[in-house]
Amino acid sequence: MQILFSKSLFPNILGITVVLVVSGWLMVQAQGNWIIIAAILLVEFLVISIIFMQFYNKYARPLSKASRTVNEMIKGNYSARFNNSNSKEMEQLSKNINKLARNMNEITIQEQMQAEQMTSIIDNMKNGLALIDEKGYVHLVNRGFLEMFHGEDKQYRGHLYYEVFENEALHDAVQKTFLYEQPVKEQFKNERGLTKNYMEVIAAPVFNEHNMIKGAVLVIYDITELKRLEKMRKDFVANVSHELRTPITSIRGFAETLKEKQHDEQAAEEFIEIIYKESHRLQLLIEDLLELSRLEREDFQLEKANFNAKQMIDEVLPSLEQKAAQKDLHFTTSISSDTDVYADSEKLKQVVINLVDNAINYTPSGGNIHLSLSDEQERVHILIEDTGIGIDQKATSRVFERFYRVDKDRSRNTGGTGLGLAIVKHIVEVHQGEIVLESEVDKGTAVHVYIPTA
């Protein structure tokens, strides 16, 4: 009853009631005159039709349009709008529908942005990522995964993991994750042709709101560099132990011999000389180790200053020329006199001394050594060339490693510690410079050092 007397319906109901009452009264007055009655009924029909048409245009048609707008929104077209101001009710409905459409559009845009951001993050991860559902089907692999295993997305997505994952370690990780419902870590080798990389996979279970396992996420890390560093650390410890053991054993052995006093004076002098040389070698080794340690410290600071490069070379030339002359080597220089550089002069001296020492030690008597310095495109170019024994092509990439020796017997005879080139490389790198080595067996070696002038 309350609905009948609402503001929207009451005028129409009242109009129809008035028409029916008036037409009934007129028909009673007509007293059986069918023509008049027919005319009254026709007029009554027209008036009621007009009232219903007005009601339809004001309410029914807008509702139909509103329904079509809502259907468009259901399809995902949130740009659809409904506008009607025939009545307060329709105007309010129009505002609410349009507000809903705008809100849904904003939500959709935000979801798209979040999805794009998540996709961008996943695809730009350096690590490989794969998502597997509870049935074992691969739902997602990122770009990092595809680069690691040199595949395409269509090869993995939608396939069972044990059909498309070639490495058995990945199979084991997935199986253990589903079996134990706990994160699993595995390491394996990924070999492609001549390249061999070390990988680590961490597989973690995915649970739903009921704590039921719904799949697994695999994150794969390339740990090749970590393995290389670990090997370098182990080799370094082994090499240091070996390098220290040799002189210490000699010193101890000859010291024990001297202690027993079962030798003549000449032999004692020889033993003392050997002890002195071995202790000196031990001192050099420790000093080089400490120097490397200082260069590798994060807080290491170069003592840079502006100086003339020729003057720096002239300070170390006499001792180098003397050492070359003792070995009957032809030592020549070509030094630019107008080259200034902003660097640590003491460290650059160490670079020149170490490289020329190497050239002298590995060049047979009668050979040639040439030292040149020039200015090239805002860089100082220091070049040391020799006609020595040279280095095999396979070894050129390793000569700057600690304790690596091309000729171990010759290196020890020259008193080298095996750390000189490693120190040179570190000094050049902390100067933001570059070092290039060119060598050919039995023909000689050329070492190019480039240091920024500013």
Give me the percent of the accessible area of the range 100-145 that comes from carbon and sulfur atoms, probe 1.4 Å, all protein chains in place. 54 percent
With the contact rule set at Cα under 8 Å and sequence spacing of 6 or more, what percent relative contact order holds for the range 313-405? 29 percent
Counting heavy atoms of the protein chains only and a 1.4 Å probe, report the per residue accessible area for the range 161-208 as a whole number of Å². 62 Å²
In percent, what relative contact order does the range 125-260 have, based on Cα pairs under 8 Å that are 6 or more apart in sequence? 21 percent
Counting alpha carbon pairs within less than 8 Å and at least 6 residues apart, what relative contact order, in whole percent, applies to the range 274-366? 35 percent
Please list, or write none, the lysines whose alpha carbon is within less than 30 Å of the alpha carbon of Lys227, excluding same-chain residues fewer than 8 places away. Lys126, Lys176, Lys185, Lys189, Lys196, Lys394, Lys408, Lys425
Just to verify a number: FRET efficiency for Ile223 and Ser279, C-beta to C-beta distance, R0 = 30 Å, to 0.05? 0.10
Between Glu440 and His139, the FRET efficiency computed from the C-beta separation at R0 = 60 Å comes out, to the nearest 0.05, as 0.65
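The values are calculated or read from the model by the stated rules, or taken from the named source; none is laboratory data. What you are looking at is a predicted structure, and each value in this text was computed from that prediction instead of being measured. In this analysis, Cβ positions are derived from the backbone assuming ideal geometry, glycine residues included, and neighbour counts consider all displayed protein chains. Only protein heavy atoms, including side chains, enter the accessible area calculation; ligands, DNA and RNA are left aside. Shrake-Rupley method; radii C 1.70, N 1.55, O 1.52, S 1.80 Å.
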